[in-house]
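The values are calculated or read from the model by the stated rules, or taken from the named source; none is laboratory data. Keep in mind it's a predicted model, so treat the numbers as computed, not measured. Positions of Cβ are generated from backbone atoms using ideal geometry, with glycine treated the same way; all protein chains shown enter the neighbour counts.
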Amino acid sequence: MNSKSHPLQKFILRLLAFLALQALVACVLFRFTSTQNSNHYLAVMEDKIDRLESLTGERLVILGGSNTVFGMHSDVIEAATHYSVVNLGLHVSLGLEFPMRCYLPHARAGDIVVLCPEYHVMMDESQQIGDPIVTNQLTEQWPSAKKYLPRETPESLKQFLDHDGLLLAHQWVSRSIKMIRGRDRQSDKLYRRSSFNEYGDLVGHYKIKSGELTAFGGIPTPEEALLEQTASIINRFANQCKEKGVEVYFSFPPFAESAFEDSQSAISLTETYLREKCKIVYLNRPTDNIYSAHCFHDSVYHLNGPTGLTQSTRLAKSIMVHR
Amino acid sequence: MENLIQLTSQFGWSPNLNTLSIILPLGISFYTFQTLGYTIDVFRKKIPAATSLVQYLAFVSFFPQLVAGPIERAQAMLPQFSRRRYFDFEKASDGSRQILWGFFKKIVIADRLAIAVNPVFEDPTLYSGPHLMMASVFFAFQIYCDFSAYSDIAIGTARLFNIQLSKNFSYPYFSQSINEFWRRWHISLSFWFRDYIYIPLGGSRKGPTRRRFNLLVTFLISGLWHGAAWRFVAWGVFSGLAVGVSTTQSKLIAMGVEYTPKQSTHHRNQVIETKSSDPVTVGGEAFLPHPATLLRIYSTFAIICVAWILFRANSLEDAWFIYRQIARDLINAEAYRDLIQLMNVDHYQRKTACILLAFVCWEWIFRRDPYPFQLKRVSALPRWTLYTLLIWGGLYLMARTGTGEFVYFEF
């Protein structure tokens, strides 16, 4: 071997050693952080779909983000409406369409659907599509979720590296940080599959003292194109439901008074736009569901137990008015 | 490209963007500088004409720096292509480190800052003076981390082939005068303009008034090169005037008890005549800067930020609005309180500010090195740990922020 090739050989060996180290780091991160957790918050989606499939009579299905998880007493609605209730809501970051996609394959004539999306999912582009990191977590915890998600599996290595690979790396690192920080706080104890009841409502927070609400900076006025997109998703869903003999109702989400003050113009614009473009039944107005901060558990959308009961009773009444 | 379409449409010809992409391929403005420089140097008999077509083409189209520089000189590059090359372990290792540092700056800092900056400049009317000020500072670092990252990646890649490209950035934001800033910012372009525009115009040989005029013309052309828009013209004029004023001021300072001149003789054709008054180490030798040094660095940076507003704003009207809003809220305590409140709420902005602060401290600590990630005095274990942290930290943040194109790809 020529003596001048030695530095190159040395360089390649070092490079390979470095790559091996990175592969080892990836394996360690994967081994210690990427394990399926049967009690994961997102894994509850499996139970919700099971309930939806198992019910034989007339069903009332609630679709939305976590506002429906916290603020819903499905038993109260069931008792008032005599419909078997399924709360399919889970997480705002799964996007506007996700709960709709979950429901549609199981839709049956005679069902009632109550759409109750968060304002963010209607007015923020990234939220509307859904957060890929959260959807990735969902498929990890509940692999069947893939059939309800619009994302396609990567077709090439480049696509994998550009998208899914990055998400995996993000997940591994973020979980490692949490593990290092020993994050096992009260909130993490709440956000678990075991905190849900059989209807799909979160009940774990009933016994926990409400904490400080997550900081909220107000919703900026949305662009018309975004509202158009929201309206088109809702209309498409409503039409598909209509074809299957399903009625669609719309309810504005519960929202904290303090946050409403900063978001009033955006919310008002959204309401006007939706009422004009989406010809479905509106059960209430945004102002009907505004509560003061002490009525919420940990965020401006998450009602505490007692207020959730009030909200559910009112919702049940308004559903009955339109029956 | 858009500028050219705009220009040609004035003469009744509206070329198709796809056609122009073929006629005017990637990196055309950068290799035009190189080929122009080569032609002028050969004409002036400063260098002999290249005798090998392959070497000449390699010089013109050397891939690492083809798209956004550094703009290389034939006299530095051609000999490197003509000599026999061998693989140099040290240079290749150092080059790899520089590439990693470049990617880190681009992905972790520049792209993160872009998310905070873009909405503000899209509609500045929605923001208070302090917020606009913060966005301007963020943009100053965004463009620095973005552009210098590209240069780091280009220089590092070239070093893998044992080719030495010229340094393009040298801790510009620690400069103590506007003159010094322009010797540390986009060095290859500044010196190209010096050698091929400023000096042929007469440089500083024809008195102070003519020198200032020459500076103004040089910066005006530099502004126009960035785009056919009034804001770039204004940016060029502002920079030219700032350098002119700074030259006079630096001369006055040099007469006092300020930093010791590095050399006693001045090159008669330097764009910035006070080069000799630059400290040997940017920002001074002391680990902690003297308050006067800090004040000079701060004022220089503030002036640069004023210029960057012209550069980044969508129009001259927007830039004017930003200036007025900043001036109006300068002593408005309420506006500052709102910004602090927003920072308390907005974790993203707060984290971005923290990352930026850490970056500035890192650069300050390692400002004696050619780039701040050389880690010469660090042993292998902490170095590899740091590389690993940088890679995984970058991947972690990239999934959230995504990656944008390099800012200077549009020029």
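Give me the residue from region B:106-135 that is assigned to a helix (DSSP H, G or I) and of a type in the set (Asp, Glu) and, out of that set, nearest to B:ASP146 (Cα to Cα).
Filtering region B:106-135 for residues that are assigned to a helix (DSSP H, G or I) and of a type in the set (Asp, Glu), the one nearest to B:ASP146 (Cα to Cα) comes out as B:ASP111.
Would you confirm, using the coordinates I've provided, whether A:THR272 is free of Cβ contacts under 8 Å to residues at least 24 places away in the same chain and farther than 15 Å from A:MET122 by Cβ?
No: the conditions fail for A:THR272.
For the list (1) assigned to a loop (DSSP other than H, G, I, E, B); (2) at pLDDT 80 or above; (3) away from chain B (no Cβ under 14 Å), I need the number of the one condition that A:GLU155 fails.
(2)
Listed here are the residues, each with its yes/no results for (1) in contact with an Asp or Glu (Cβ under 7 Å, 6 or more places away or on another chain); (2) farther than 30 Å from B:THR125 by Cβ; (3) hydrophobic (A, V, I, L, M, F, W, C); (4) modelled with pLDDT under 80.
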{"position": "A:LYS178", "(1), (2), (3), (4)": "no, yes, no, yes"}
{"position": "A:GLY182", "(1), (2), (3), (4)": "no, yes, no, yes"}
{"position": "A:GLY204", "(1), (2), (3), (4)": "no, yes, no, no"}
{"position": "A:ALA215", "(1), (2), (3), (4)": "no, no, yes, yes"}
{"position": "A:GLU224", "(1), (2), (3), (4)": "no, no, no, no"}
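Filter region B:63-109 down to the residues that are hydrophobic (A, V, I, L, M, F, W, C) and more than 20 Å from B:TRP384 (Cβ to Cβ) and list them by number.
Hits for region B:63-109 are B:PHE63, B:LEU66, B:VAL67, B:ALA68, B:ILE71, B:ALA74, B:ALA76, B:MET77, B:LEU78, B:PHE81, B:PHE87, B:ILE109.
Which of the residues spanning region B:331-355 are away from chain A (no Cβ under 14 Å), out of contact with any helix residue (DSSP H, G or I) (no Cβ under 6 Å at 6 or more places or on another chain) and either without any contact (Cβ under 8 Å) to a residue 12 or more places away in the chain or part of a helix (DSSP H, G or I) (or both)?
Once the filter is applied, which keeps residues that are away from chain A (no Cβ under 14 Å), out of contact with any helix residue (DSSP H, G or I) (no Cβ under 6 Å at 6 or more places or on another chain) and either without any contact (Cβ under 8 Å) to a residue 12 or more places away in the chain or part of a helix (DSSP H, G or I) (or both), region B:331-355 yields B:ILE331, B:ALA333, B:GLU334, B:ARG337, B:ALA353, B:CYS354, B:ILE355.
Which members of region B:197-243 meet the condition of being among the polar types (S, T, N, Q) and either within 19 Å of B:PHE311 (Cβ to Cβ) or part of a helix (DSSP H, G or I) (or both)?
B:THR209, B:ASN214, B:THR218, B:SER222, B:SER239
If we scan region B:167-179, do we find a residue that is of a type in the set (Lys, Arg), more than 10 Å from the chain's Cα centre (by Cα) and surrounded by fewer than 23 Cβ atoms within 10 Å (Cβ to Cβ)?
Yes: one or more hits.
Please work out which one of (1) more than 18 Å from the chain's Cα centre (by Cα); (2) within 30 Å of A:GLU125 (Cβ to Cβ); (3) at pLDDT below 85 is the condition A:GLN171 fails and give its number.
(1)
Take A:VAL44 and decide whether it is away from chain B (no Cβ under 14 Å), under 22 Å from A:PRO150 (Cβ atoms) and touching a Phe, Trp or Tyr at 6+ places or on another chain (Cβ under 6 Å).
yes
Taking helices (runs of 4 or more DSSP H) that do not extend beyond region B:29-105, which have at least 2 residues that are within 14 Å of another protein chain (Cβ to nearest Cβ) and surrounded by 13 or more Cβ atoms within 10 Å (Cβ to Cβ)?
By residue number, B:89-104.
Condition test on B:ILE326, is it in contact with a helix residue (DSSP H, G or I) (Cβ under 6 Å, 6 or more places away or on another chain) and either surrounded by 12 or more Cβ atoms within 10 Å (Cβ to Cβ) or assigned to a helix (DSSP H, G or I) (or both)?
yes
Given the options A:VAL76, A:VAL85, name the one that is in contact (Cβ under 8 Å) with a residue 60 or more places away in the chain, touching a strand residue (DSSP E or B) at 6+ places or on another chain (Cβ under 8 Å) and either within 20 Å of A:ILE290 (Cα to Cα) or not basic (Lys, Arg) (or both).
One residue alone meets the criteria, A:VAL85.
Counting only residues that are out of contact with any Gly (no Cβ under 9 Å at 6 or more places or on another chain) and among the aromatic types (Phe, Trp, Tyr), which one in region A:94-144 is modelled with the lowest pLDDT?
Restricting to residues being out of contact with any Gly (no Cβ under 9 Å at 6 or more places or on another chain) and among the aromatic types (Phe, Trp, Tyr), the top hit is A:TRP142.
Filter region B:377-396 down to residues that are closer than 22 Å to A:LEU16 by Cα and not in a helix (DSSP H, G or I) and give me whichever is modelled with the lowest pLDDT.
Out of the qualifying residues, it is B:VAL378.
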